[in-house]
1. How much accessible area per residue does segment 116-227 have, counting only protein heavy atoms and a probe of 1.4 Å, in square angstrom?
2. So how do 89-95, 180-186, 59-65 stack up, highest first, on mean other-Cβ count within 10 Å?
3. Using DSSP loop states and a limit of at most 11 other Cβ atoms within 10 Å to flag trypsin sites (Lys or Arg not before Pro), what is the longest stretch of the chain containing no flagged site?
4. If you roll a 1.4 Å probe over segment 80-227 with all protein chains in place, what percent of the accessible area is carbon or sulfur?
5. How much of the DSSP bridge set in the chain is antiparallel, in percent, rounded to the nearest 5?
6. Could you work out the local net charge near Arg151, counting Lys and Arg as +1, Asp and Glu as -1, over the other residues with Cβ closer than 14 Å to its Cβ?
Amino acid sequence: MACPFQMGLQDATSPIMEELLHFHDHTLMIVFLISSLVLYIISTMLTTKLTHTSTMDAQEVETVWTILPAIILILIALPSLRILYMMDEINNPSLTVKTMGHQWYWSYEYTDYEDLSFDSYMIPTQELKPGELRLLEVDNRVVLPMEMTIRMLISSEDVLHSWAVPSLGLKTDAIPGRLNQTTLMAMRPGLYYGQCSEICGSNHSFMPIVLELVPLSYFEEWSASML
């Protein structure tokens, strides 16, 4: 999860989020180089006393500053499209979980099991135990196996919501009457926090998401105890 005074993105836990971090650094370096070049040109023009009589008729310069931005846009667009298609790819998921957004809580249903479903409410501040995080803890965590492809089916029963877990690179809108899907795969166990990232009403800030990624053996024991 995010830390106080954190300047960058959260640590990547899934392969998709690792690709997004690399693309972020790649794009940020291009922006930094362009900004540095423009700042240098502006400062040079403001400080030099030299003039060039052919500046107003420089065909070569115009050709360069037309072609160069096109090349830069291609260098940004190609990896962006690659990641976009990777995020939409569904590869034989091992488990499917259906997520429904409500005002203002989430409900989860493990569709591969017969009667495994529950609601997930935020724990009020006055009921928090020592060490628990305010506005982020829930009464029922979503327990999922790690290192497995999991399909999330996301929808809503009332208004627009958005199911987002930043460290896994997930953000999918929950739209009434429509079933969206996304996939996740965590490379290491742990607790991963998210929140509804759509302004869905007065309690928009009070419907957190907590994923508990565990080894497969622990997940099997948990699912057996919930049935």
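The values are calculated or read from the model by the stated rules, or taken from the named source; none is laboratory data. Note that the structure is a prediction, hence the values are computed from the model and not measured. Cβ sites come from the backbone with ideal geometry, for glycine too, and all protein chains shown count toward neighbours. Quick note on the areas: whole protein, heavy atoms, side chains included, nothing else; ligands and nucleic acids left out. Shrake-Rupley method; radii C 1.70, N 1.55, O 1.52, S 1.80 Å.
1. Working: 5490 Å² over 112 residues.
Per residue, segment 116-227 has an accessible area of 49 Å².
2. Values: 89-95: 11.9, 180-186: 19.4, 59-65: 9.4.
Most protected by this proxy first, the peptides run 180-186, 89-95, 59-65.
3. Numbers: sites that count: Lys49, Arg134, Arg178.
Between exposed loop sites, the widest span is 50-133.
4. Values: 3740 of 7680 Å².
Solvent-exposed carbon and sulfur of segment 80-227 make up 49 percent of the total.
5. On the way: 29 of 41 bridges.
Given both bridge residues lie in the chain, the antiparallel proportion sits at roughly 70 percent.
6. Numbers: positive: Lys98; negative: Asp88, Glu89, Glu109, Asp112.
Around Arg151, the charge tally is -3.
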